[in-house]
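The values are calculated or read from the model by the stated rules, or taken from the named source; none is laboratory data. If you're wondering where the values come from, they're calculated on a predicted model, not measured in any experiment. Here the Cβ is made from the backbone with ideal geometry for all residues, glycine too, and neighbour counts use every protein chain on show. All accessible areas refer to the heavy atoms of the entire protein, side chains included, with ligands and DNA or RNA removed. Shrake-Rupley method; radii C 1.70, N 1.55, O 1.52, S 1.80 Å.
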Amino acid sequence: MEKITISVFLIMIMCCGALLGSSKNLTIPLFGRSSVILNPTEYKDYYSIWVANQIYTSLLQRTNQTQIKPAIAELIEIDDSGKKYVFRIIKGRKFSNGKQITSRDVRFTFEYLLKHKKNNVNILEKIVGAYNYKKGKAKFLKGFKILDNDSFSITLESAHHYFLYALAMP
């Protein structure tokens, strides 16, 4: 039994090594299914999204079809125009390595997704300055303001009633 366990483990390591060697993405082959890609900019199928939902957390979380709740950040304020949202990162929210999540981390994620994600970034494209940032015409995302280490604001080009629901998506 011990030899079988060690053999299976070694095969898994070799497969993962081979999968990592060909690209920067970790691809996990599933028996009877297509492979799963864990890079959030490369989602192409339901299974990848499902697996990523087990690993990554959105700013907000859907409780059902019509309600959202805080996950990483809580909504503090929406201005009267419906274009500006202020969030505060919930105390104690950390990365898997124990590092506290900051406003800079959230901005980095938004900017990374705008530059690299191939699908489903249209809600981020509603943020002021997103087009210029994505095309390389701006050095930062103008509509994302860091207020302090734990707070930030997002300003949209125009009001979108589904913005908060989109932030609750993977």
**Request:** Kindly list, by first and then second residue, each pair from a residue in the range 71-94 that is more than 15 Å from ALA159 (Cβ to Cβ) and without any contact (Cβ under 8 Å) to a residue 24 or more places away in the chain to a residue that is open to solvent by 80 Å² or more (accessible area, probe 1.4 Å) and of a type outside the set (A, V, I, L, M), limited to pairs with Cβ atoms under 8 Å and residues at least 6 apart or on different chains.
**Result:** GLU74/ARG88
**Request:** Within the range 138-157, count every residue that is at pLDDT 95 or above and basic (Lys, Arg).
**Result:** 2
**Complete:** Residues in the range 118-131 that are at pLDDT 90 or above and open to solvent by less than 70 Å² (accessible area, probe 1.4 Å) total 5
**Complete:** Within the range 45-70, residues charged (D, E, K, R), more than 14 Å from ALA168 (Cα to Cα) and touching a strand residue (DSSP E or B) at 6+ places or on another chain (Cβ under 6 Å) come out as none
**Request:** Among what's in the range 95-117 and is under 23 Å from GLU157 (Cβ atoms) and without any contact (Cβ under 8 Å) to a residue 12 or more places away in the chain, pick the residue that is least open to solvent (accessible area, probe 1.4 Å).
**Result:** THR109
**Request:** Just give me the residues in the range 132-170 being loosely packed, with under 14 Cβ neighbours inside 10 Å, touching a residue at least 24 places away in the same chain (Cβ under 8 Å) and within 15 Å of HIS116 (Cα to Cα), in sequence order.
**Result:** PHE140
**Message:** Scan the range 157-164 and tell me whether some residue there is closer than 25 Å to ASN53 by Cα and in contact with a Phe, Trp or Tyr (Cβ under 9 Å, 6 or more places away or on another chain).
**Reply:** yes
**Asked** Do you know which residues across the range 96-105 are modelled with pLDDT under 95 and touching a Leu at 6+ places or on another chain (Cβ under 9 Å)?
**Response** none
